[in-house]
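Some notes on the structure that comes next.
Taken together, the values in this text are just the output of simple stated rules run on the coordinates, not laboratory data. The model shown is predicted, which means the values in this text are computed figures rather than measured ones.
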Amino acid sequence: MYSINGIGTSLYGKRHLTKKELHSMGIDVEGGNSYIATKWFVFLFLPLTPLSSWVVFAETGSDVGFYADKQYHMLPVNLNWNQVLKGWSITLGILILLWLFLW
């Protein structure tokens, strides 16, 4: 994921998966910290266009500060429409609030 001044791509959403759900996707992995996240095209850090969904197995590094070095170990899955609808709802809500305050 890469963005400059809030424009680029980012992962949003974090729904933890059970071993049974992973097995039904054909994924066999050890550990219980796997989750599904959706990769978005973002503008001013607001999710606009969903690009793909991923099962994330592990995260390393940090995403704090100017030089973020966070790395993900993940596999692609079908687009998670529940996360897409939540992402669009949040973006729409923020835009409506901005419009109300600036009007």
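If the elastic network links every pair of Cα atoms under 10 Å, which of Thr60, Thr38, Thr91 fluctuates the most in the Gaussian network model of the chain?
Of the options given, Thr60 has the highest mean-square fluctuation.
Between Val77 and Asn33, what is 0.36 nm times their sequence separation minus the Cα-Cα distance? Round to one decimal in nm. All intermediate terms of the calculation are to be shown ahead of the outcome.
Numbers: separation 44, 0.36 × 44 = 15.84 nm, distance 1.68 nm.
Difference between extended and current length: 14.2 nm.
For the chain, what does the relative contact order come out to in percent, with C-alpha contacts under 8 Å and a separation of six or more? Please list the in-between numbers first.
Values: 164 pairs, mean separation 22.1, N = 103.
Reported as a whole number, the value is 21 percent.
Could you tell me what % of all Cα pairs in region 3-102 have separations over 16 Å?
Details: 3057 of 4950 pairs.
Roughly 62 percent, once rounded to a whole number.
Distance between the C-alpha centers of region 89-103 and region 9-59? Whole Å please.
27 Å
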